[in-house]
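Student: Sharing a structure with you now.
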Amino acid sequence: MTDRRRLLAGAADSELVRRCLVLQVRHAVDAQIDFIQIRERDLEVSALIALVSQAVAMARGTRTRVVVNDRLDVALACGADGVHLRADSVPPAAARSIAPRGFVVGRSVHGAEEAIGVAAEVDYLIAGTVWPSASKPADHPLLGTSGLAEVVRAVGVPVLAIGGVTLERIARVAASGAAGVAAIGLFMAPDSAAAGVCRAIPLRDAAEAARTRFDTSGSAS
């Protein structure tokens, strides 16, 4: 997932932010990441369209698919591969009804009951927050690995874990039966507190390490 606020914390130069986001997308495509979620919910719409359009162009012809967080209109307008819906977004069935064939629809869920209610209309679910995460407030409810396993058992679509995912924790995600992980911090430079410097990094090593942990745990990545 992209998150310019963490990638360039404190940076005021909008052009630097754009270039850094585009470079990180390029690294993700080069690493053959399965999905890139453009998660820039507060980005002005023209800038969001430009970013999504560039991401779609870079991923074209590769195994990487681009989905847009929440903004179904932007995803459709830019020819993205899909949309990822929040709990307060349009219902998945409504999104599906106006999307072209093959358009990917994902949804965030926070427990098994919620997952059961939407699973029939989506291609995948992202379940969390599993562990504490810098992207969520300290008092945000946690799903934990047991809750993640409950979601996996409750539905018949792939479930990805999100929230506090590290390479060391991926084996526990795989053991829950989840199909993979969705992450921001896992794919960012360790000096992410530095302000005003582009911290886009190559992702091949991180992606391969994550896949290896799923493989050695006996679960698909």
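None of the figures in this text is laboratory data; all of them are computed from the coordinates on show. This one's a predicted model, so the numbers in the text were calculated from it and none came from an experiment. Here the Cβ positions follow ideal geometry from the backbone for every residue, glycine too, while neighbour counts run over all protein chains shown.
Student: Could you give the Stokes-Einstein D for region 1-111 in µm² per second, using the C-alpha Kirkwood radius, 25 °C, 0.890 mPa s? Mind showing how you got there, number by number?
Tutor: Details: Rh = 14.2 Å.
Translational diffusion coefficient: 172 µm²/s.
Student: GNM on the chain, C-alpha springs below 10 Å: top fluctuator among Thr166, Thr129, Thr62?
Tutor: Thr62
Student: When each pair of different Cα atoms in region 25-69 is counted once in the 1/r mean, what is the Kirkwood radius in angstroms, to one decimal? Could you put the intermediate results ahead of the total?
Tutor: Details: mean 1/r = 0.0947 Å⁻¹.
About 10.6 Å for region 25-69.
Student: Name the helices (complete DSSP H segments) of the chain with a Cα length along the long axis of 20 Å or more and a Kyte-Doolittle mean of at least 1.6, or state none.
Tutor: Working: long enough: 14-30 (24 Å, 0.26); 45-59 (21 Å, 2.03).
Once both thresholds are applied, what remains is 45-59.
Student: In the chain, what cysteines have no partner Cβ closer than 4.7 Å?
Tutor: Cysteines lacking a close Cβ partner in the chain: Cys78.
Student: Let me ask something else about it. Say we join alpha carbon atoms closer than 10 Å with springs in a Gaussian network model of the chain; which of Ala94, Ala115, Ala182 then has the biggest fluctuation?
Tutor: Among Ala94, Ala115, Ala182, the largest GNM mean-square fluctuation belongs to Ala94.
Student: Is it possible to state the helix-based mean residue ellipticity at 222 nm for the chain, with each DSSP H run of 4+ residues giving -39500 (n - 2.57), the sum divided by total residues, to the nearest 500 deg cm²/dmol? What is it? It would help to have the intermediate numbers written out before the result.
Tutor: Working: 9 runs with 87 residues, N = 221.
Estimated from H runs of four or more residues: -11500 deg cm²/dmol.
Student: With +1 on each Lys and Arg Cβ and -1 on each Asp and Glu Cβ, how big is the dipole of the chain about its Cα centre, in debye rounded to the nearest 20? Walk me through the numbers before you get to the answer.
Tutor: Working: 24 positive and 23 negative charges, 72 e Å.
Dipole magnitude for the chain comes out near 340 debye.
Student: Over region 4-216, what lengths in whole Å, largest first, do the semi-axes of the equivalent ellipsoid take, defined as the square roots of 5 times the eigenvalues of the alpha-carbon gyration tensor?
Tutor: On the way: eigenvalues 126, 95, 54 Å².
After diagonalising the Cα gyration tensor, the semi-axes are 25, 22, 16 Å.
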